[in-house]
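First up is the structure itself, then whatever we jot down about it.
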Amino acid sequence: MTQEEKEKLLQRLIQCGALPLQKEYVNVMMKNEDISSVPEDDIGITASGVKYVKSAVNKYLYENRYPFTEQYIEMVAKLFEVSGDEVQTAQRKAVYHHVLENATDEEIEQYMKVALLEQTAMINMRLKQDAFNFKDYKVEVITDTDSGGTNVVALKDCLEHYSKLGWTLKTIFTNELGKESHREGYDIINATIDQIVLIFERPMFMTDESAEQAREEHHKRNVVQKENITSYFNDQN
């Protein structure tokens, strides 16, 4: 692979997001601040005799999460040393590079294989998330009994049926059909007849078969776990 081909390939990997750029900070030394602008009580001296700006050193240690020990203060003080009529200050400059800048053809090939696998895994994950975001819906209607009472048996059967197939109850509401009067023996019964409307949802990718299989596997795992616990206690006794 020529250098030109390598650069084109690496550039393409970066564009695809398979080779992210890494940001690294380097210190750029400059002398641009007059000593007279620094308060006298902000000047410190290390054990080795280096005069430095205390506030600058403290800020540098804090931002870089270095410990405030004598050793680190000694090292950083050289970046903010007071020299003559000027204070030497350290500025940080961002440098971008990628991990295969000086890689061999074999390293690039190996990296591409891993990157392709990672990209494929990410795409599969996004597709699965999309499948979860899109829902299928079912609507069921259960009518009250002739006396106006809730048809509990039908309601229970409906909930159990859809639960076994992976559906969850999204919402439920009633819809009044009207009022009805009828005679029972010598009594006249006035009843309000309603419909119970149930709306179920589940992920679009799920089927009745996959829901049944998942339920069976879950049941098997519970049975095995129960048997293992029972066997453990029997062995202890």
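Would you check if GLU176 is in the same structural domain as GLN213 (by TED's automatic domain parsing), surrounded by 10 or more Cβ atoms within 10 Å (Cβ to Cβ) and touching a residue at least 40 places away in the same chain (Cβ under 8 Å)?
So GLU176 does not fit the description; no.
Results for (1) more than 13 Å from LYS78 (Cα to Cα); (2) more than 40 Å from the chain's Cα centre (by Cα); (3) in a strand (DSSP E or B); (4) at pLDDT below 80, shown as yes or no for each residue.
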| residue | (1), (2), (3), (4) |
| --- | --- |
| LEU13 | yes, no, no, yes |
| VAL26 | yes, no, yes, yes |
| SER36 | yes, yes, no, yes |
| GLY44 | no, yes, yes, no |
| GLY49 | no, yes, no, no |
| SER55 | yes, no, no, no |
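Quickly run through region 104-136 and pick out the residues that are small (Gly, Ala, Ser) and either surrounded by 12 or more Cβ atoms within 10 Å (Cβ to Cβ) or not in a helix (DSSP H, G or I) (or both).
Across region 104-136, the qualifying residues are ALA115, ALA131.
If I filter region 137-154 for residues that are in contact with a His (Cβ under 8 Å, 6 or more places away or on another chain), surrounded by 11 or more Cβ atoms within 10 Å (Cβ to Cβ) and modelled with pLDDT of 75 or more, do I get at least one hit?
Checking region 137-154: at least one residue is in contact with a His (Cβ under 8 Å, 6 or more places away or on another chain), surrounded by 11 or more Cβ atoms within 10 Å (Cβ to Cβ) and modelled with pLDDT of 75 or more.
The values are calculated or read from the model by the stated rules, or taken from the named source; none is laboratory data. Everything quoted here is computed from the prediction, not taken from an experiment. Heads up, the Cβs are rebuilt from the backbone with ideal geometry, glycines too, and the neighbour counts pull from every protein chain shown.
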